[in-house]
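The values are calculated or read from the model by the stated rules, or taken from the named source; none is laboratory data. For clarity, every value in this text was computed on a predicted model and none was experimentally measured. Reconstructed Cβ throughout: ideal geometry from the backbone, glycine too, with neighbour counts over all protein chains shown.
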Amino acid sequence: MLKELSQEYEVVAVSSPGEALDKVRQREGVHTIAVPMARHISLLKDLKSLWRMWRVLRRERPDMIHSMTPKAGLMSMVGGLLAGVPVRVHTFTGLVWPTSTGLKRRVLMATDWLTCACATHVIPEGEGVKSDLLNHHITRKPIKVLGYGNVKGIDLDNYNPQNYKTVAHEGFTFVFVGRIVRDKGINELVAAFDRLHKEYDGTRLVLVGPREDNLDPVFPETLQRINLGDGIESVGSQKDVRPFYAQADALVFPSYREGFPNVVIEAGAMGLASIVTDINGAREIIIDGQNGIIVPPQDEEALYQAMKRFVEHPDEVDTMAANARPLIASRYEQGYVRQCLYDFYKEILNN
């Protein structure tokens with residue numbers, strides 16, 4: 001996307017230093033600047049990051065700055081205001097505080113409020129994020145979702161089930177793609193699948209993603225059940241998740257919170273029906289009963305019943321799967337998503 005933007009604008013990409021930033025510079029052909037930023041709240045490190053960001057912006061003198069992630073957003077919007085950047089745009093791709101409590105929740109809400117206060121334009125990635133920002137008075141500025149939401153879009157040629165051979169297998173295979181952590185609903189997923197597997201021996205659950213035991217560990221009994229391997233296969237982090245979609249019968253994604261989950265879009269593009277939780281983003285991608293099923297978050301029983309319904313009614317799953325890719329194509333095709341952003345840039349830069 002940065003390579004496309006650089007055909008019309010002078011683009012500078014700012015992020016924490018590391019291999020990822022180096023890859024962006026080489027792949028997109030744009031100038032990059034490293035500004036170290038801690039992922040979590042750290043007052044001293046955050047003040048240093050803010051000072052560095054201010055220095056970069058004072059030197060570069062951009063007409064516009066657009067930030068995406070929470071910490072980069074806070075640094076960019078505050079630093080941009082102090083440096084006199086005229087157009088300051090922040091996209092909220094997800095909110096952390098709705099599932100937080102106590103002091104942490106208040107601090108996170110305050111930082112999002114400050115980000116919005118310093119921004120000239122705020123873009124929520126989806127209608128759910130927009131509602132949370134407005135209903136909790138994080139901002140009173142006019143905000144709008146671009147297109148149908150999502151900042152990335154999907155390359156339908158890249159995510160095409162016809163490019164993969166279907167692997168014949170007995171039973172029903174569910175796939176989960178994401179971090180193996182509590183907030184992704186892994187505890188409920190493993191418990192629900194354990195019950196299901198005892199009734200239907202041929203069922204399988206494939207977990208694709210890394211564990212983050214130092215940040216948000218799952219329950220010890222959940223980890224023990226995963227390691228047992230009876231019907232559950234944990235394959236760790238994968239550079240290419242498409243083969244795992246191709247080998248599955250359905251996606252199951254019981255996350256507690258999201259901004260706009262790309263996993264659900266990817267699975268739909270690969271022709272999979274999905275079971276998702278009633279959270280921001282997921283409820284916008286999945287139309288209940290049409291291309292998947294929506295269940296309450298943190299509800300093991302509801303998740304179990306939905307998975308059981310998929311196993312017992314394969315014709316219904318086939319119908320939802322047939323609807324999945326066309327629906328994704330009509331709303332989240334990559335060219336359309338990008339064009340919505342380009343049109344927005346032209347609108348705000350010409351005002």
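Restricted to the stretch 256-351, the set of helices (runs of 4 or more DSSP H) holding at least 3 residues that are surrounded by fewer than 21 Cβ atoms within 10 Å (Cβ to Cβ), on the phi < 0 side of the Ramachandran plot and of a type outside the set (Asp, Glu) comprises 300-312, 314-332, 334-350.
Among the residues of the stretch 120-177, those identified as over 30 Å from residue 304 (Cα atoms) and among the acidic types (Asp, Glu) are 155, 157.
Being assigned to a helix (DSSP H, G or I) and not charged (D, E, K, R), is that true of even one residue in the stretch 145-152? First the steps, then the outcome.
Quick first cut of the stretch 145-152, residues assigned to a helix (DSSP H, G or I) only: none.
No, because not a single residue in the stretch 145-152 is assigned to a helix (DSSP H, G or I) and not charged (D, E, K, R).
Might you check whether a residue that is out of contact with any strand residue (DSSP E or B) (no Cβ under 7 Å at 6 or more places or on another chain) and over 18 Å from residue 337 (Cβ atoms) occurs anywhere in the stretch 139-149? Taking every residue of the stretch 139-149 in turn, at least one turns out to be out of contact with any strand residue (DSSP E or B) (no Cβ under 7 Å at 6 or more places or on another chain) and over 18 Å from residue 337 (Cβ atoms). Within the option set 121, 136, being surrounded by fewer than 17 Cβ atoms within 10 Å (Cβ to Cβ) and not charged (D, E, K, R) holds for one residue only, 136. Scanning the stretch 105-129 for residues that are of a type in the set (D, E, K, R) and in contact (Cβ under 8 Å) with a residue 40 or more places away in the chain yields a total of 3. The C-beta contact set for the stretch 152-172 (first residue within 23 Å of residue 340 (Cβ to Cβ), second residue assigned to a loop (DSSP other than H, G, I, E, B) and of a type outside the set (Gly, Ala, Ser), distance under 7 angstrom, 6+ apart or interchain) comprises 159/270. Just one of the numbered conditions (1) surrounded by fewer than 21 Cβ atoms within 10 Å (Cβ to Cβ); (2) more than 28 Å from residue 338 (Cα to Cα) is not true of residue 190: (1). Here 1, 64, 75 are screened, and the one residue that is crowded, with 20+ Cβ neighbours inside 10 Å and within 29 Å of residue 284 (Cβ to Cβ) is 75. Among the residues making up the stretch 22-46, a single one is under 13 Å from residue 74 (Cβ atoms) and either at pLDDT 95 or above or not assigned by TED's automatic domain parsing to the domain that holds residue 85 (or both): 35.
May I ask you to say which residue of 233, 284, 266, 221 is under 23 Å from residue 194 (Cβ atoms) and touching a residue at least 24 places away in the same chain (Cβ under 8 Å)? Walk me through it before giving the result.
Values: 284 fails: under 23 Å from residue 194 (Cβ atoms); 266 fails: under 23 Å from residue 194 (Cβ atoms); 221 fails: touching a residue at least 24 places away in the same chain (Cβ under 8 Å).
Criteria check complete, one pass: 233.
State yes or no: is residue 98 at pLDDT below 90 and in the same structural domain as residue 37 (by TED's automatic domain parsing)? When the stated conditions are applied, residue 98 passes them.
Selection within the stretch 77-133: residues that are of a type outside the set (Ser, Thr, Tyr), within 20 Å of the chain's Cα centre (by Cα) and in a strand (DSSP E or B). The member of this set that is farthest from residue 350 (Cα to Cα) is 92.
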